[in-house]
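Participant: Below is a structure I'd like to ask you about.
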Amino acid sequence: NQELLSTNQKIAFYRIVSEGVGNSIKHGKAKHIFLKISIENDNASIEIKDNGTGFDTNILKQPEKMGMGIRNMQSLAIILKGSMSLESNTDMGTTLEIKVPIGHKTFKEDLYEGVGS
């Protein structure tokens, strides 16, 4: 159902998946990564689970201590009018979920609507 996603949503999903999988490998040293992308009539979601080293999620309460990658993924979810959840436990891996509504314009599309018409 990828035709339900706008070009901007597809680009954002690509960036989120790249960052999330990259974090699992680079920082989490994961040996196994599960990736699921679901696209339905009203919603799309990304789920990335790994068996890596995990981390203390209290860092998420202190944006100045969060890595740039986590902040970028969170920003992309917000721009898409969606949400991001991140669960992690030391030595037990990490689960990232992004959920976004589809079938509406994203921020950038709203911003440029009518340009050139």
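Participant: Where does the chain land at 222 nm, in deg cm²/dmol rounded to the nearest 500, when only DSSP H runs of n ≥ 4 count, each adding -39500 (n - 2.57), divided by all residues? Walk me through the intermediate numbers first.
Facilitator: Working: 3 runs with 38 residues, N = 117.
Mean residue ellipticity at 222 nm (helix-derived): -10000 deg cm²/dmol.
Participant: For residue 41, what charge total do you get from the other residues with a beta carbon under 15 Å from its beta carbon, if Lys and Arg give +1 and Asp and Glu give -1?
Facilitator: Here the charged neighbours net out to -2.
Participant: Here's another thing I want to ask about it. Please calculate how many Å² of accessible area the chain carries per residue, with a 1.4 Å probe and no DNA, RNA or ligand atoms counted.
Facilitator: Averaged over the residues of the chain, the accessible area is 65 Å².
Participant: To continue, here is another question. Which loop GluC sites (Glu not before Pro) in the stretch 1-59, with loop taken from DSSP, have no more than 13 other Cβ atoms within 10 angstrom of their Cβ?
Facilitator: 40
Participant: Additional query: Tell me the net charge near residue 96. Cut-off is 15 Å between Cβ atoms, residue 96 excluded, with +1 for each Lys or Arg and -1 for each Asp or Glu.
Facilitator: Result for the local shell: +1.
Participant: Still on this structure, please answer the following. Quick one: Cα convex hull volume of the chain, Å³ per residue?
Facilitator: Per residue, the Cα convex hull of the chain comes to 105 Å³.
Participant: Oh, and also: Please list, by residue number, every one of the trypsin sites (Lys or Arg not before Pro) in the stretch 37-80 that is coil in DSSP and has at most 14 other beta-carbon atoms within 10 Å.
Facilitator: Nothing satisfies the criteria.
Participant: Straight-line reach from residue 10: which lysines have Cα under 25 Å away, leaving out those fewer than 8 places along the same chain?
Facilitator: List returned: 26, 36, 49, 81, 99, 105, 108.
Participant: If you don't mind, there's one more thing I want to ask. Does anyone have the angle between helix 7-26 and the longest principal axis of the chain? Alpha-carbon axes, 0 to 90°, nearest 10?
Facilitator: Between the helix axis and the principal axis of the chain, the angle is about 10 degrees.
The values are calculated or read from the model by the stated rules, or taken from the named source; none is laboratory data. Note that the structure is a prediction, hence the values are computed from the model and not measured. Neighbour counts run over all protein chains shown; Cβ positions are idealised from the backbone, glycine included. For the accessible areas, the whole protein counts, side chains as well, though only heavy atoms, and no ligand, DNA or RNA atoms are used. Shrake-Rupley method; radii C 1.70, N 1.55, O 1.52, S 1.80 Å.
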